[in-house]
Each structure stands twice: as C-alpha cells, then as structure tokens.
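The values are calculated or read from the model by the stated rules, or taken from the named source; none is laboratory data. Just so it is clear, the structure is predicted and the values come from calculations on it, not from any experiment. Methodologically, a virtual Cβ is constructed for each residue, glycine included, from the backbone with ideal geometry; neighbour enumeration extends over all protein chains shown.
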C-alpha cells in the first residue's frame, strides 16, 4: 500500500488506470452506490485501479475477488476505454483523472457483495440506467452508442 502523501502526489500528477466490471444477469447490469469520492452517492460500475507491475489479467482477478467477491471463470468481454475526470477526488483540492478499461461479466446469481466501497447495489436494464439520475454520467457513457 502506498503512503498517502506519495499517492496524493501521484493522483495530482498522472492519470490512474482502472478496471471496471459490469456484472450482467438477465439483461440487467449490477451497479453499486458509492460511499467514497469520486462519484460519491451515485450508482457506478464496480472496480479498482491497476497496480504498478501488475498485468491487466492479474488486476482483473484481484479486483473481481476484492470488489465483487467473485472468481472469474472466463475472460470478461471488453466494452471499451473511457476517461473519467473528477474535481471531487479522494483528496481535498486534488482532481483525479482515470483511464478506465470497462468489461462485462455474465453471472448467473448475485454474489455475496462486500460493503466497503458501496452502500447499496441494484440491477439496472440499459434503459433504466440511462434514464436514472442516480447513475453517474461516466457509467452511462459505457452504454451509449
């Protein structure tokens, strides 16, 4: 784990690379209501950042386990690369820039989800999430044509 002062300098200086998962079941996608900044209080995709010297595949396995409490059984479907720019980052007066790799993962039952990052979870159809004011615009971007 990085020292907070060093991580703040990194966040203030360079983009972070993250992986977000969209769990899919019966044409609905699972989103979590974020506890922390950025995007606090919004329903959002579930994921985390890639660590230095960690491969994308290793990061996917770690993030799926830690953030969703699932073991990936197949390679997730790549949705695309998205950029997220936040003024309300983890540190006061420090913006955050993410380069986000989004993936879809088909599941057949709801996993036992952790509650460290999200206060609530909800399944949304694409139409529902695009219309909802509770879903963050960066999440909606993954579903727009």
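Results, tabulated for the structure shown:
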item	result
Evaluation of residue 70 against (1) in contact (Cβ under 8 Å) with a residue 24 or more places away in the chain; (2) surrounded by 15 or more Cβ atoms within 10 Å (Cβ to Cβ); (3) more than 15 Å from residue 116 (Cα to Cα); (4) under 14 Å from the mean Cα position of the chain (by Cα) (one fails), failing number	(4)
Out of 113, 129, 72, sole residue that is more than 22 Å from residue 15 (Cα to Cα), touching a strand residue (DSSP E or B) at 6+ places or on another chain (Cβ under 6 Å) and assigned to a loop (DSSP other than H, G, I, E, B)	113
Single residue of the stretch 84-105 satisfying the filter (over 12 Å from the mean Cα position of the chain (by Cα) and modelled with pLDDT of 95 or more) that is nearest to residue 15 (Cα to Cα)	97
Candidates 51, 7, 78, 85 - the one that is part of a helix (DSSP H, G or I) and farther than 21 Å from residue 128 by Cβ	7
Criterion (on the phi < 0 side of the Ramachandran plot and surrounded by fewer than 14 Cβ atoms within 10 Å (Cβ to Cβ)) met by exactly one of 108, 86	108
